[in-house]
1. Six or more apart or on different chains, Cβ atoms under 8 Å: show the pairs whose first residue is in segment 67-79 and under 14 Å from residue 36 (Cβ atoms) and whose second is surrounded by fewer than 12 Cβ atoms within 10 Å (Cβ to Cβ) and among the small types (Gly, Ala, Ser).
2. Whether any residue in segment 94-102 is at pLDDT below 85 and either under 30 Å from residue 30 (Cα atoms) or touching a helix residue (DSSP H, G or I) at 6+ places or on another chain (Cβ under 9 Å) (or both) is what I want to check.
3. If you take just the helices (runs of 4 or more DSSP H) that sit entirely in segment 14-69, which of them hold at least 2 residues that are at pLDDT 75 or above and in contact with a Gly (Cβ under 9 Å, 6 or more places away or on another chain)?
4. If we scan segment 75-87, do we find a residue that is among the charged types (D, E, K, R), surrounded by 10 or more Cβ atoms within 10 Å (Cβ to Cβ) and modelled with pLDDT of 75 or more?
Amino acid sequence: MAKFFLKSGDFVWNSGIFIWNAKAIMQALEQYLPEINTIFKEGTSFYNTIKKRNSSAQLMHIALIFSIDYGVMEKAKNVYVLGAEFGWSDLGTSALLYMISYHSDQQANAVVGLHVMLEQNV
């Protein structure tokens with residue numbers, strides 16, 4: 001079936017990259033995933049406080065049960081696909097991160113970022 005999909009050219013791959021504004025996703029959560037929406041609303045008073053960690057942990061535990069794909073994207077009416085072609089790599093290992101790094105020093109150390117501090121013990 002996958003070969004048919006690819007050959008036909010009528011299908012696109014869901015890369016799991018979603019773009020939305022806060023208002024739209026909060027409305028969708030309220031409508032399609034009220035359990036998660038409730039946790040978000042209960043946690044808003046903890047934003048930027050030490051209690052945020054517990055609220056975030058609870059939300060993460062609940063979020064593992066729900067999929068944004070099944071919970072919102074397959075039900076919402078205001079979902080659109082934007083086709084794009086770009087390279088992709090699962091950066092699951094430090095070796096892959098090294099391979100895509102544009103900067104490395106003479107000792108083959110990869111550096112990512114503009115501000116990197118090196119401390120040497122002499």
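1. 69/16
2. No, segment 94-102 has no match at all.
3. Details: elements: 22-32, 34-43, 52-63.
Qualifying helices (runs of 4 or more DSSP H): 22-32.
4. Yes, segment 75-87 has at least one match.
The values are calculated or read from the model by the stated rules, or taken from the named source; none is laboratory data. Keep in mind the model is a prediction, meaning the values are calculated, not measured. A quick note on method: Cβ atoms are made from the backbone with ideal geometry, for glycine too, and the neighbour counts reach across all protein chains shown.
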